[in-house]
Amino acid sequence: MANAKYVYIPGDSASALITSKDITAIESNVSNVPNKYYLSNNYPNPFNPSTTIEFGLPEQSNITLSVFNILGQKVLEIKTRYAAGTHSYNFDASRLSSGIYIYTIHAAGRNGKDFVQSKKMMLLK
């Protein structure tokens, strides 16, 4: 049989015989660019001394990532431009004291769309 392939399926005692006429098309629908803005929960949480903050941008955006202590004092601010996609930031809190912190992202897209979201995290030393 021309163009025949044997396919082994783990856990199955028989192999399947597939010919090229049996395969119609394979399409990938996976994209690294999210369809909307998001801010994920940091991980690990609680953390000591660092944690990862992940966020997604559907378009190139100017972002401000801020971290505040429970008294509302800003302990970190990063302003930069990111391309569309999923990004992460490793927050090092080795110089901070134990407690609850709030992290906020403000993203301004090309079309004037603003996205603002906040989440809390806990530093345990």
Can you pull out the residues in the stretch 94-124 that are surrounded by 11 or more Cβ atoms within 10 Å (Cβ to Cβ), more than 29 Å from Pro58 (Cβ to Cβ) and not β-branched (Val, Ile, Thr)? Leu96, Ser98, Gly99, Met122, Leu123
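If I filter the stretch 85-93 for residues that are closer than 17 Å to Asn62 by Cα, outside any strand (DSSP E or B) and either in contact with a Gly (Cβ under 6 Å, 6 or more places away or on another chain) or among the aliphatic types (A, V, I, L, M) (or both), do I get at least one hit? Steps first, answer last, please.
The initial filter retains those residues of the stretch 85-93 that are closer than 17 Å to Asn62 by Cα, namely 85-89.
In the following step, the residues that additionally are outside any strand (DSSP E or B) were identified as none.
The answer is no; no qualifying residue exists.
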Where the second residue is surrounded by 13 or more Cβ atoms within 10 Å (Cβ to Cβ) and outside any strand (DSSP E or B) and the first is free of Cβ contacts under 8 Å to residues at least 40 places away in the same chain and lies in the stretch 42-54, which pairs have Cβ atoms under 7 Å and are six or more apart or on separate chains? Thr52/Asn42; Glu54/Ser40
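Looking at Thr64, Thr80, which one is in a strand (DSSP E or B), modelled with pLDDT of 95 or more and farther than 16 Å from Asp92 by Cα? Full working, then the answer.
Numbers: Thr80 fails: modelled with pLDDT of 95 or more.
Just one listed residue meets the conditions, Thr64.
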Single residue of the stretch 92-125 satisfying the filter (of a type in the set (D, E, K, R) and within 12 Å of Phe68 (Cα to Cα)) that is nearest to the chain's Cα centre (by Cα): Lys119
Looking only at the stretch 63-85, count every residue that is surrounded by 14 or more Cβ atoms within 10 Å (Cβ to Cβ) and closer than 13 Å to Ile105 by Cβ and tell me the total. 8
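The values are calculated or read from the model by the stated rules, or taken from the named source; none is laboratory data. All values derive from a computational prediction rather than experimental measurement. Using ideal geometry, Cβ is built from the backbone for each residue, glycine included, and neighbour counts are taken over all protein chains shown.
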